[in-house]
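Only one structure is covered here, and it is reproduced in the block below.
Read-outs throughout are calculated quantities, based only on the coordinates presented, and are distinct from any laboratory measurement. Predicted model, so just to flag it, every value in this text is computed and none were measured. Cβ placement follows ideal geometry from the backbone for every residue including glycine, while neighbour counts extend to all protein chains displayed.
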Amino acid sequence: MSKNVIVYGNGASAKGFLLSHQACYKVIAFATDEPADSTFEGHKNISTEEIKQLDFDAIIVASWAIHEITERLVNHGVPHEKIRWFQHHKERIIDWGHPDFNMSHIALQAEDILYCIYDLNVARATYDILGFLCLCECERVVRGSKGIHIIIVNASDNEFNQTRWVIQNTQEHNWRVDQILVQCCSLLPHCVGVSKTATRSEVSKLIEDVAHIFPHHYSEQHPVIEYEFDLLFERLRKKQEIAHLKANSHAMDFVRQYLNKINPDGKKVVTISLRESSNKPLRNSNPEEWQKFAHELDHSRYLVVLVPDTENAFLNLSENWSGCFSCSEAAFNVQIRMALYELSYINLGVNNGPTHLCALNPDCRYIMYKQVVENYPHSSTQSFIDRGFEIGGSFPGARPWQKFVWEDDSFEVISANFRELVSVIESSEEKE
């Protein structure tokens, strides 16, 4: 039975709706704020005020001014759930709650925005920013702000950075700012702006007279940074959600296309994220053990997709990875990587920056191996204790399908924990 709908709009989009969707709906009227004529394309044409006099299943907005019209309809008593949007350029109708109904189309005022500063005089151009982003979202919720503007403050040649230049030259640093820091900001659904300063003095101008700043006591002269996980876990103890990162709908659509192409049989996708870095090589994945695991998997049931280390993303796969696919795009695009993680059955890898995308996304199933490598300060047992981790436990706030493994990535350890997680997932699916 066709739904009774009112089409809101009298322009080209409204005519486009009739051409493409009239057969699927019973149009009982067209509407606009101040109709110029009593009919439109042979249908009754009414005002917004008259809508409440009609019995309808939905209102389909055929206009680009979706947010203004939605607000107008809600003010006249139409519930959000009855509002749809005809996207003329895609010839489709989407429901309220679809990602395209998002706040990035709404003009916000400065007082609606939380300005969050990631200062490279006290923070690294690494995936450390993930913890910072989630703290920003926690703070946004507390303050009731509508959006977040991330400001990345340029590094100066201070003592903090002089130690870094030995490991990472300026070109690599700039690359990481653009490819890691800026891209990661897009994973925060309420991020409405990202700025990079060319000079340090710019930050003072950007935050001058704004109402909401994070960290609270930040200043250009006395920069502070909040990104460590212990600060995030403190929020968790206060009953705040801390996992806030998500791929956007566009990235999800692209990755669905990719998976449909390589996986026409609909097997369960298992990703293996490889760490093969020249920096701190003892933290790297053990390729032989992972290859053995991939070879031993039931290929009638599972499809393995590798996410290579960015350093090796364009190298040809070893024949030892036969039967596996490599998604090099995910090594360079954080949105694609996150979408792949969200759409996969299970994600596997050793402890490193990119795998923490899974830890801070509630929808990613994962096992992260090889937590501790004592040779480096940032991966030592003491560093985990200092950051608030329970040795032997999982990431605080983790879901049942999210697991830390503290042993190294041997074939036996990889396989045993994989089987265990599959059992957990299957048991939960049976209960549903």
Most mobile listed residue (Gln221, Gln371, Gln257) in the chain, GNM with C-alpha springs under 10 Å: Gln221
Amide H contacts under 5 Å for Ser326, placed H, 5+ residues apart: Leu306
Specify the residue with the greatest mean-square fluctuation among Ala331, Ala359, Ala23, computed from a Gaussian network of the chain linking alpha-carbon atoms under 10 Å apart. Ala23
Considering the chain as a Gaussian network with a 10 Å cut-off on Cα pairs, which listed residue, Ser20, Ser145, Ser278, attains the greatest mean-square fluctuation? Ser20
For segment 239-247, take each phi angle, set θ = phi - 60°, evaluate the Karplus expression 6.51 cos²θ - 1.76 cosθ + 1.60, and give the result in whole Hz per residue in order, putting x for glycine and proline. 6, 8, 5, 10, 9, 10, 8, 8, 6
Please go through segment 198-264 and write out the trypsin sites (Lys or Arg not before Pro) that DSSP classes as loop and that have at most 10 other C-beta atoms within 10 Å. Lys238, Lys239
Can you pull out the cysteines in the chain that have no other Cys Cβ under 4.7 Å? Cys24, Cys134, Cys138, Cys184, Cys185, Cys191, Cys324, Cys327
Could you tell me how many degrees, from 0 to 90 and to the nearest 10, lie between the Cα long axis of helix 12-21 and the main elongation axis, the longest principal axis, of the Cα atoms of the chain? 80
Around Lys3, which amide H atoms from residues at least 5 apart in sequence, or from another chain, sit under 5 Å from its own amide H, with H modelled in the peptide plane? Lys26
Let me know the Rg and Dmax you get for the chain when you use only its Cα atoms, in Å. 25.4, 79
Calculated FRET efficiency for the pair Thr381/Ala416, C-beta based, R₀ 22 Å, to 0.05: 0.45
In degrees between 0 and 90, to the nearest 10, how far off the longest principal axis of the chain does helix 334-343 point, with axes built from Cα atoms? 80
Relative to the longest principal axis of the chain, what angle (0 to 90°, nearest 10) does the C-alpha long axis of helix 129-143 take? 40
Report the gain in length on full extension from Glu276 to His89: 0.36 nm times residue separation, minus Cα-Cα distance, nm rounded to one decimal. 63.0 nm
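Output the Kirkwood hydrodynamic radius of segment 228-380, Cα pairs only, in Å rounded to one decimal.
Numbers: mean 1/r = 0.0610 Å⁻¹.
One decimal place: 16.4 Å for the Kirkwood radius.
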